[in-house]
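The structure appears right after this line, and notes come after that.
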Ligand SMILES: Nc1nc2c(ncn2[C@@H]2O[C@H](COP(=O)(O)OP(=O)(O)OP(=O)(O)O)[C@@H](O)[C@H]2O)c(=O)[nH]1
Ligand SMILES: Nc1nc2c(ncn2[C@@H]2O[C@H](COP(=O)(O)OP(=O)(O)OP(=O)(O)O)[C@@H](O)[C@H]2O)c(=O)[nH]1
């Protein structure tokens, strides 16, 4: 599982700036899709081949005991609790503050790695910047500049050093399904419907665990794993605190799965949170099936309205199959599995180079990439660069001039030509070696 790193610190120390820097290295493969809004607090990144998830906790006022600040502090504590490591950010320009000391006191009690980042240190001498922060007792302070990018890489390499990179989930030979969605949409009910009550009750164990529950089962003699992010089952109000919806858990489950089932609640409007969760699945490149739940509770007029609402707000999920189900009545669950199987096959597909190259030529014949000034990009051949999602590496020249719209056109063309249902597909461009022997190479 990718390590999750939480950014913690007082307001204004530079958490968002650092977050943006840490998530920019995102494979830059997901073209920006219309309608896809990103959650600015949770992101993916990669340093030196090591991937991570990063959480910007927002400002942390450890002294607040009610109101919005208290709520923020509570969320920060949840993020700290769920993270695998913490970066505590302080401000070199302002120096050590009493709040920093309070936050440090909490962080020192953690049994997880904590790094102290002294931000805004550009143009200052690292040893002098660091000196006054030693007393926080969090080890060697790292002088960084989030806005200039100084020291950030070293800091991240140091944190990630302690984590090994797990094999990618694509090596798994059967569908591993993450059931995702915002609170109360019916995830647990769906897991119950899939497994049958008895099987699930075996997992009805109170107690805190930040991990989701992994359940293996067979259906029509095929093995599956379902990752239940709802995890610990509801038992009255007692466990409410530990049953809090967790974005981190959701992201980790998505990362760890090869198919995500996004559950929506048809009796409610599509909300921003639905779109964000869908966005996480998309950014992770996961195969996706959408289950619009509680369908039995709507009349025909309402159903039409829900379909329109979904088309308008979740248009960027047009590659996925939608199912209208009732988890409560167990209706539509069988069909859901047909799509899960199809999405899994599509995500794992192996596309031979000659067929891909032929498909590329057909796409270009139908619509050539637009000219950019004097040059027209030339697309020559294609081969597969990975699965889950399928990655198609296209070779050619002047590829840097290809606009996003054409990029998307190619992705759609490949999906269509190979009849891939339920998975996103990524096109990567690679400049061909210059046949005239440019010494600089490419
Ligand atoms: N000089 C300097 N300024 C920085 C650096 N990083 C961030 N800043 C500035 O510090 C201010 C606060 O940065 P943010 O990233 O918004 O800080 P934050 O911790 O996310 O703030 P909250 O959202 O209020 O918690 C902005 O004006 C940034 O431009 C840095 O490395 N050097
Ligand atoms: N009418 C109707 N209600 C449903 C259906 N599926 C679930 N519900 C109800 O919706 C509520 C929430 O269901 P859960 O399965 O607990 O939802 P969840 O997504 O697991 O919720 P969290 O654990 O809070 O994330 C419960 O009251 C369910 O009985 C359905 O198909 N139809």
- Just checking, which of 338, 342, 372, 368 is out of contact with any strand residue (DSSP E or B) (no Cβ under 7 Å at 6 or more places or on another chain), under 30 Å from residue 191 (Cα atoms) and loosely packed, with under 15 Cβ neighbours inside 10 Å? 338
- Cβ-Cβ under 9 Å pairs, at least 6 apart or on other chains, the range 15-26 side at pLDDT 90 or above, far side within 16 Å of ligand 2 (Cβ to nearest atom) and in a helix (DSSP H, G or I): none
- Would you pick out the residues in the range 132-148 that are more than 16 Å from ligand 1 (Cβ to nearest atom) and more than 14 Å from residue 9 (Cα to Cα)? 132, 134, 135, 137, 139, 140
- Query: Quick one: in the range 95-130, which of the residues that are in contact (Cβ under 8 Å) with a residue 40 or more places away in the chain and over 32 Å from the mean Cα position of the chain (by Cα) is farthest from ligand 2 (Cβ to nearest atom)?
  - Reply: 96
- Confirm whether residue 311 is within 17 Å of the chain's Cα centre (by Cα) and modelled with pLDDT of 85 or more. no
- Determine, yes or no, whether residue 184 is within 16 Å of ligand 2 (Cβ to nearest atom), in a loop (DSSP other than H, G, I, E, B) and either surrounded by 20 or more Cβ atoms within 10 Å (Cβ to Cβ) or modelled with pLDDT under 90 (or both). yes
- Item | Hits in the range 155-181 - residues which are at pLDDT 90 or above and surrounded by 13 or more Cβ atoms within 10 Å (Cβ to Cβ) | 155, 156, 158, 159, 160, 175, 176, 177, 178, 179, 180, 181
- Task: Out of the residues in the range 411-421 that are modelled with pLDDT under 95 and touching a strand residue (DSSP E or B) at 6+ places or on another chain (Cβ under 8 Å), state the one that is farthest from residue 356 (Cα to Cα).
- Result: 421
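The values are calculated or read from the model by the stated rules, or taken from the named source; none is laboratory data. In this text, all values refer to a predicted model and were calculated from it rather than measured experimentally. We place every Cβ from the backbone using ideal geometry, glycine too, and count neighbours over all the protein chains shown.
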